[in-house]
1. Looking at this structure, is L130 of a type outside the set (V, I, T) and in contact with a Phe, Trp or Tyr (Cβ under 7 Å, 6 or more places away or on another chain)?
2. List the pairs whose first member sits in the range 75-93 and is without any contact (Cβ under 8 Å) to a residue 24 or more places away in the chain, whose second member is crowded, with 18+ Cβ neighbours inside 10 Å and of a type in the set (D, E, K, R), and whose Cβ atoms are under 8 Å apart, counting only residues at least 6 apart or on separate chains?
3. With (1) buried (at least 23 other Cβ atoms within 10 Å of the Cβ); (2) closer than 30 Å to L90 by Cβ as the list, and G199 as the residue in question, which single condition is left unmet?
4. Are there any pairs, at least 6 apart or on different chains, whose C-beta atoms fall under 9 Å, with the first in the range 34-56 and over 15 Å from A21 (Cα atoms) and touching a residue at least 24 places away in the same chain (Cβ under 8 Å) and the second part of a strand (DSSP E or B) and of a type in the set (S, T, N, Q), and if so, which?
5. Among the strands (runs of 3 or more DSSP E) lying completely within the range 1-83, list those that include at least 3 residues that are of a type outside the set (D, E, K, R).
6. For the range 24-35, what are the residues that are modelled with pLDDT under 95 and either closer than 13 Å to G50 by Cα or open to solvent by less than 50 Å² (accessible area, probe 1.4 Å) (or both)?
7. Within the range 86-95, can you find the residues that are crowded, with 22+ Cβ neighbours inside 10 Å and under 27 Å from E259 (Cα atoms)?
8. Does T160 satisfy the criteria of being over 15 Å from T94 (Cβ atoms), surrounded by fewer than 19 Cβ atoms within 10 Å (Cβ to Cβ) and not aliphatic (A, V, I, L, M)?
Amino acid sequence: MDLGEAMNVPELYRGLFDDAAVFPPGDLPLAEAVPAHRAHRAAPYAGAVGPLLAPVDRLAELRALEPEFAVGLVVPSGRLAEALKAADGLTVATVEYAAGEDVRAAVAELDALLPDGVGAAVELPRSAALADGLDALAGTRYRAKYRTGGLGHAAFPSVTELADFLVGCAERSLPYKCTAGLHNAVRHTDLGTGYEHHGFLNLLLAAGTSDRARATELLAERDGARLATAVESLTEHQVGRIRHAFTSFGTCSIAEPLEDLARLGLLETS
């Protein structure tokens with residue numbers, strides 16, 4: 001499929017792909033990422049595109065490029081006040097805040113400092129204390145954030161670990177986003193690194209269940225045709241439930257996940 005053709009973006013994928021082009025492994029310079037994001041927002045697939053994500057240390061550079069669109073701030077633990085000050089002059093849609101080990105303290109910081117109308121996702125550490133972190137977020141206005149990959153083998157959670165996170169969120173009615181390693185629709189082994197990558201279609205389908213065994217089974221599925229069939233059988237209610245839970249994921253490529261969906265027959269031109 002030519003991504004320049006007019007197309008219908010199904011509700012399941014609307015706003016799903018947060019633009020993480022400036023983060024590894026893409027590492028696109030901001031001077032290129034800003035016009036590229038403008039192009040994404042003007043493209044036929046614009047409905048699938050979330051905000052451009054920017055790190056705290058590059059906000060002055062971003063301001064100088066005068067983006068007319070809303071951005072997401074990716075903020076390390078302890079730097080929230082600094083980040084919000086540095087973002088003065090930008091339209092901020094959301095903040096992604098790394099909690100560190102004290103999730104309740106991060107929630108308190110957000111409560112005190114986050115402007116009205118700005119959303120936030122709190123990145124939880126991958127630790128045995130996951131349930132405590134989820135409990136700290138339950139009932140707040142913040143989403144959870146979880147890493148699903150990275151530049152090393154240890155950055156990729158197992159299907160069991162990821163199922164624990166998804167089901168833990170489902171049990172608490174806690175929405176979440178994921179980031180890293182999800183460029184492709186279907187779970188696979190990267191031939192260059194040998195790393196096991198989760199598929200974003202796997203996650204979307206697993207987001208629709210609170211049964212741990214079923215979530216684990218869906219995350220482990222490697223048959224793209226089987227996943228595509230499952231997606232096509234979703235009802236409108238199920239799609240709404242899935243996207244209420246799994247709100248978005250960060251990807252340094254917008255084209256790659258869309259091309260995967262097209263190969264599976266899950267995008268149609270209008």
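The values are calculated or read from the model by the stated rules, or taken from the named source; none is laboratory data. Remember, predicted model here, so these are calculated numbers, not experimental data. Every residue, glycine as well, gets a Cβ built from its backbone with ideal geometry; the counts of neighbours run over all protein chains shown. Protein only, heavy atoms only, side chains kept; ligands, DNA and RNA dropped before computing areas. Shrake-Rupley method; radii C 1.70, N 1.55, O 1.52, S 1.80 Å.
1. Working: of a type outside the set (V, I, T): yes; in contact with a Phe, Trp or Tyr (Cβ under 7 Å, 6 or more places away or on another chain): yes.
Criteria met by L130.
2. V75/E96
3. (2)
4. P44/T269; G47/N8
5. Once the strands (runs of 3 or more DSSP E) in the range 1-83 are filtered for at least 3 residues that are of a type outside the set (D, E, K, R), what remains is 49-55, 71-75.
6. Within the range 24-35, just G26 meets the criteria.
7. T94
8. Values: over 15 Å from T94 (Cβ atoms): yes; surrounded by fewer than 19 Cβ atoms within 10 Å (Cβ to Cβ): yes; not aliphatic (A, V, I, L, M): yes.
So T160 passes the test.
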